[in-house]
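Input: a single structure, listed below in structure tokens.
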Amino acid sequence: MSLVPFNPVLAVLAVPAVTAALLVVVPGYRLSAGLNVVGSLLTFLFTLLLFFGHAAPNSYVLIDDLNIVFVVLNTFVGFTTSVFSASYIGHELEIGRLTPTYLRFYHAMYQVMMFGMNLALVANNIGLMWVAIEIATLATVVMVGIYRTPEALEAAWKYFILASVGIAFALFGTILVYMAARPVMGEGYQGMVWTLLMQHVAKFDPALLNIAFIFLLLGYGTKVGLAPLHAWLPDAHAEGPTPISAVLSGLLLNVALYAILRFKLLLALNPEAISPGPLMVTLGLVSVLFAAFMLYRRHDIKRLFAYSSIEHMGIIVFAFGMGGALANFAGLLQMTMHSLTKSAIFFAVGHIAQVKGTQRISEIRGLTVSHPLLGWALVLGVLAIAGLPPLGIFMSEFLVVSSTFAREPLLAVLLVIGLLVAFGALLMRLQGLAFGEPVGSTAPVRASYIPLFGHLALVLAAGIYLPPALVVWFQHVAQMLG
Amino acid sequence: MHGFDFDVAHLLAGGLVLVSFMLLYQDRLYALLNVFALQAVLLALAVGWQAYVQDAPHLYITAAIALLFKAIVIPVALHRMIVKLGIHREIESVTGMGVTMLAGVGLVALSLVVMLHATAGESALAREDIAFALSVLLLGLLIMVTRRNAVGQVVGFMSMENGLVLAATGAKGMPLVVEFSVAFSILIAFIVIGIFLFRIRERFDTVDVEALDRARGGRR
């Protein structure tokens with residue numbers, strides 16, 4: 001089965017861990033930024049090896065068609081963000097917002113976070129997955145507060161408290177799943193292994209499983225940023241360094257979503273357990289509508305796109321909640337497109353905020369005039385995220401809506417209202433940001449355009465032509481998700 | 001399970017819930033820390049008893065962590081921090097004491113109803129353990145919600161975590177319990193060091209979370 005002489009999963013985990021350890025001791029910003037990029041690139045290349053063969057699941061790690069999608073997306077965006085981060089952080093160092101010591105810490109934490117997320121995605125154990133998500137969260141908490149301004153500390157504290165409550169609920173849910181497994185599978189380690197749980201779940205006590213899922217949905221749902229539990233998300237996005245906003249939106253939300261999807265799969269195999277679908281549909285729809293209306297009153301550019309992330313996570317959770325081959329396919333596509341587009345937008349926003357010296361929307365105008373390349377990149381990104389054809393998100397949103405119309409027209413109407421409201425808000429803001437008379441600094445910007453346009457090109461390409469291999473893969477995963 | 005073993009486990013788990021209620025109405029920071037240390041000692045005893053009853057020696061490590069780290073190191077560290085930051089005074093809570101206590105009673109009733117119903121097939125010890133654990137968890141959450149003070153919120157969080165450790169040790173044969181308690185200890189150490197290193201006082205003159213709220217100003 002394996003064409004690779006070693007288990008690439010181990011490399012995917014070891015590379016970030018080793019890089020993090022190296023970054024702690026390596027002095028100098030250029031060297032550590034470079035090392036960060038190289039480490040992230042290596043991790044990405046190793047994940048590509050997963051396609052060519054991976055070992056059978058053992059009791060710690062598991063690679064199947066579902067999580068390969070997540071891991072590849074995760075390491076790819078992790079790599080491009082590290083490239084963006086190198087140029088972004090250089091500027092922060094110049095203007096003295098970060099000291100070299102903090103910078104060293106920042107790079108090490110970046111790799112710790114990548115390690116945590118990769119581990120969460122490949123873990124074949126519900127306990128290990130929980131620990132890994134905790135590691136990734138902790139690393140991001142520290143990075144959100146790294147500027148040490150009152151706002152940044154408040155954001156980090158809020159994020160920390162809410163995420164910890166989420167983490168506690170998720171662990172309680174995890175313990176309940178083990179308790180449900182114990183009478184059937186016996187005591188010990190096997191009661192927490194995904195692959196074994198899936199085999200035996202049909203005989204578990206449904207009442208216990210139901211309660212466990214509620215706790216898990218609330219716990220990991222906090223991380224996904226679903227509507228009543230989203231309060232940490234806009235603050236964390238707005239106050240931390242922009243590369244962190246990009247990975248938070250693009251990756252960490254996906255990792256938490258992956259955890260929920262796994263537990264949904266588990267519950268689906270128990271005939272008497274509740275169906276998780278309606279719960280997820282409700283939370284998703286509430287998030288979409290709430291975030292869409294909140295978009296109108298944003299004055300901070302990073303908060304604006306943070307609310308847009310809540311909206312998109314809502315759409316994705318809605319799609320997976322609806323279930324069925326088509327909606328799941330749309331959900332997967334939407335997730336991929338959102339990760340690529342949103343991180344690209346944050347790359348652009350990061351450079352914009354740096355050159356203008358502010359994040360206030362009212363103080364940024366006429367970007368297409370003052371900084372044509374950056375301005376038009378932002379226009380393209382926002383059009384993509386708002387769901388305009390022919391970009392990738394249009395296609396996935398169209399699939400979500402059309403598959404819902406066929407089954408639950410009323411829900412589809414609500415969803416469309418949410419989408420249109422958000423569309424209006426984003427275009428209204430874009431109008432001011434991109435066009436008109438330039439306001440503020442028009443100094444040239446030293447931006448890294450490669451990750452930015454790389455992402456946008458992928459989103460555009462996906463909107464026009466999806467490679468058949470990818471379609472087959474996603475269809476297969478969609479079938480798996482039931 | 002022998003009658004005596006059961007009674008002791010029951011007593012200790014019930015004691016944890018009781019101490020959670022005591023945490024709810026403490027209005028001075030030092031008293032809050034002392035009561036929390038008492039809860040940590042009780043937790044160590046409860047976990048140690050489970051280790052003995054279940055014949056699971058690794059649980060003694062969890063008990064030792066609870067005793068050393070949560071009953072001694074953290075309260076002492078927080079105590080010193082309060083002295084250093086000069087915030088030794090009454091802590092404001094969001095709602096009145098009576099309402100908070102009533103809400104606490106409601107949460108305990110809720111967790112008993114939910115867990116006893118859902119775990120009908122389990123042994124009596126496991127059922128009551130998990131019900132008590134959920135009570136401690138929810139009461140910890142209530143403490144976090146009703147305190148405006150950063151130290152108060154941390155104590156609430158640690159109390160939540162005590163409930164989780166109780167649940168994990170009550171689930172017989174659960175793997176990774178020691179790892180969980182270590183992970184949580186790191187998490188808590190992180191926060192405590194975080195509060196201290198970031199020197200919230202240096203910037204706000206207080207560790208009152210209200211001040212953090214004010215700091216965000218009009219920029220939303």
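Give A:Y220, A:Y159, A:Y178 a once-over and let me know the one that is more than 24 Å from A:F320 (Cβ to Cβ), more than 10 Å from chain B (Cβ to nearest Cβ) and buried (at least 18 other Cβ atoms within 10 Å of the Cβ).
From the options A:Y220, A:Y159, A:Y178, the qualifying one is A:Y159.
Among helices (runs of 4 or more DSSP H) lying entirely in segment B:104-220, which contain 1 or more residues that are more than 9 Å from chain A (Cβ to nearest Cβ) and at pLDDT 80 or above?
Numbers: elements: B:124-146, B:150-170, B:177-198, B:200-204, B:209-215.
By residue number, B:124-146, B:150-170, B:177-198.
Restricting to segment A:455-478, what's the tally of residues that are aromatic (F, W, Y) and part of a helix (DSSP H, G or I)?
First pass over segment A:455-478, keeping only residues aromatic (F, W, Y): A:465, A:473-474.
Right, trim to part of a helix (DSSP H, G or I) and you get A:473-474.
Number satisfying all stated conditions: 2.
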Residue check, A:S339 hydroxyl-bearing (S, T, Y), more than 14 Å from every other protein chain (Cβ to nearest Cβ) and either surrounded by fewer than 24 Cβ atoms within 10 Å (Cβ to Cβ) or more than 30 Å from A:N210 (Cα to Cα) (or both): yes
Residues of segment A:79-99 classified as more than 19 Å from A:E151 (Cβ to Cβ) and acidic (D, E), total: 1
Residues of segment A:407-418 classified as touching a residue at least 12 places away in the same chain (Cβ under 8 Å) and surrounded by fewer than 20 Cβ atoms within 10 Å (Cβ to Cβ), total: 6
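Looking at this structure, is A:S308 among the polar types (S, T, N, Q), in contact (Cβ under 8 Å) with a residue 40 or more places away in the chain and away from chain B (no Cβ under 14 Å)? Let's see the steps before the verdict.
Values: among the polar types (S, T, N, Q): yes; in contact (Cβ under 8 Å) with a residue 40 or more places away in the chain: yes; away from chain B (no Cβ under 14 Å): yes.
When the stated conditions are applied, A:S308 passes them.
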Single match in A:L45, A:L62, A:L23, A:L66 (criterion: modelled with pLDDT of 85 or more, buried (at least 16 other Cβ atoms within 10 Å of the Cβ) and under 26 Å from A:H107 (Cβ atoms)): A:L23
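Got a sec? Which of A:M109, A:M117 is modelled with pLDDT of 90 or more, part of a helix (DSSP H, G or I) and under 15 Å from the mean Cα position of the chain (by Cα)? Explain how you work it out, then say what you get.
On the way: A:M109 fails: under 15 Å from the mean Cα position of the chain (by Cα).
Only one candidate passes the filter, namely A:M117.
The values are calculated or read from the model by the stated rules, or taken from the named source; none is laboratory data. Small disclaimer: the values here were computed from a predicted structure and weren't measured. Backbone-built Cβ (ideal geometry, glycine too); neighbour counts: all protein chains shown.
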